[in-house]
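Asks: Sharing a structure below in structure tokens format, with a few things to ask.
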Amino acid sequence: MLSSVLSKSQCAACKFCCSFRRQSLWETPLFPPEVVEKLSKPNEYGVVGEFRAVDDPQKNCAYRLVLENNYRTDDPEEEVPCSFLDPNRGCILKPEDKPFDCSIWPLRIMDKDGELVIALTPTCPAIGATPRPELIELVKNGLGAKIFEYAKMHPYIIKEYREGFPIIYL
Ligand code: SF4
């Protein structure tokens, strides 16, 4: 969805958003039940994921990929890759199985004091910490509305606002 501002080759070479330190586990992908049903047992990708239901009653239709058990050290900087990340090919999931959250990263829809906002995760190495004009245009010209629409049906993608995430106003 961001291909006009972020090329597939940039993402494939980076994979930053597909690996997680312990402090980033709040960002692990959220999957809808029908995809979890498929990915939690032997499937076409040859990778069986471990998932846990998100227990917020507002968000009870989502499952978070469990990666906590994959750390090998106590080093807080250790990163573990998403189960569906191939080191050479990148994400192995087809678009229809890929979490919406992943397809809009580094954008996020967040709740800031009761108001929903589109914000930029400032740590994407390719996009940077400040929204560029072309990203702002993309959000204003339809992508923002699409994210709001998806969030209406899937409120579990709404994250609590975090300081330092620049807001892109529609
Ligand atoms: S599902 Fe795919 S895009 Fe999302 S974190 Fe995992 S490997 Fe990355």
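The values are calculated or read from the model by the stated rules, or taken from the named source; none is laboratory data. What you are looking at is a predicted structure, and each value in this text was computed from that prediction instead of being measured. Cβ atoms come from the backbone with ideal geometry, glycine included; neighbour counts cover every protein chain shown. We work out accessible area using only protein heavy atoms, side chains counted, and drop any ligands, DNA or RNA first. Shrake-Rupley method; radii C 1.70, N 1.55, O 1.52, S 1.80 Å.
Asks: Looking for something open to solvent by less than 30 Å² (accessible area, probe 1.4 Å), assigned to a loop (DSSP other than H, G, I, E, B), more than 16 Å from the ligand (Cβ to nearest atom) and modelled with pLDDT of 90 or more - is there at least one such residue anywhere in the range 69-78?
Replies: For the range 69-78, residues open to solvent by less than 30 Å² (accessible area, probe 1.4 Å), assigned to a loop (DSSP other than H, G, I, E, B), more than 16 Å from the ligand (Cβ to nearest atom) and modelled with pLDDT of 90 or more: present.
Asks: Can you spot a residue in the range 99-111 that is of a type in the set (Val, Ile, Thr) and open to solvent by 30 Å² or more (accessible area, probe 1.4 Å)?
Replies: No: zero hits.
Asks: I'd like the full set of residues that are open to solvent by less than 60 Å² (accessible area, probe 1.4 Å), in a helix (DSSP H, G or I) and of a type in the set (A, V, I, L, M), limited to the range 2-31.
Replies: Residues satisfying the conditions are Ala12, Leu25.
Asks: Which one of these is without any contact (Cβ under 8 Å) to a residue 24 or more places away in the chain, surrounded by fewer than 15 Cβ atoms within 10 Å (Cβ to Cβ) and assigned to a loop (DSSP other than H, G, I, E, B): Glu37, Glu44?
Replies: Among Glu37, Glu44, only Glu44 is without any contact (Cβ under 8 Å) to a residue 24 or more places away in the chain, surrounded by fewer than 15 Cβ atoms within 10 Å (Cβ to Cβ) and assigned to a loop (DSSP other than H, G, I, E, B).
Asks: Under 15 Å from the mean Cα position of the chain (by Cα) and either over 26 Å from Leu39 (Cβ atoms) or touching a residue at least 12 places away in the same chain (Cβ under 8 Å) (or both): does that describe Leu135?
Replies: Against the criterion (under 15 Å from the mean Cα position of the chain (by Cα) and either over 26 Å from Leu39 (Cβ atoms) or touching a residue at least 12 places away in the same chain (Cβ under 8 Å) (or both)), Leu135 does not qualify.
Asks: If you take the residues of the range 3-24 that are within 12 Å of the ligand (Cβ to nearest atom) and among the hydrophobic types (A, V, I, L, M, F, W, C), which of them is farthest from Val139 (Cα to Cα)? Please lay out each step first, then the result.
Replies: If we filter the range 3-24 for residues that are within 12 Å of the ligand (Cβ to nearest atom), which is where we start, we get 8, 11-12, 14-20, 24.
Right, trim to among the hydrophobic types (A, V, I, L, M, F, W, C) and you get 11-12, 14, 16-18, 20.
Details: Cys11: 19, Ala12: 23, Cys14: 23, Phe16: 22, Cys17: 20, Cys18: 22, Phe20: 26 Å.
So the residue we want is Phe20.
Asks: Would you point out the residue of the range 25-39, among those that are within 10 Å of the ligand (Cβ to nearest atom) and touching a Gly at 6+ places or on another chain (Cβ under 9 Å), that is farthest from Arg52 (Cα to Cα)?
Replies: The selected residue is Leu39.
Asks: Output the residues belonging to the range 98-112 that are assigned to a loop (DSSP other than H, G, I, E, B) and near the ligand (Cβ under 7 Å from one of its atoms).
Replies: Lys98, Pro99
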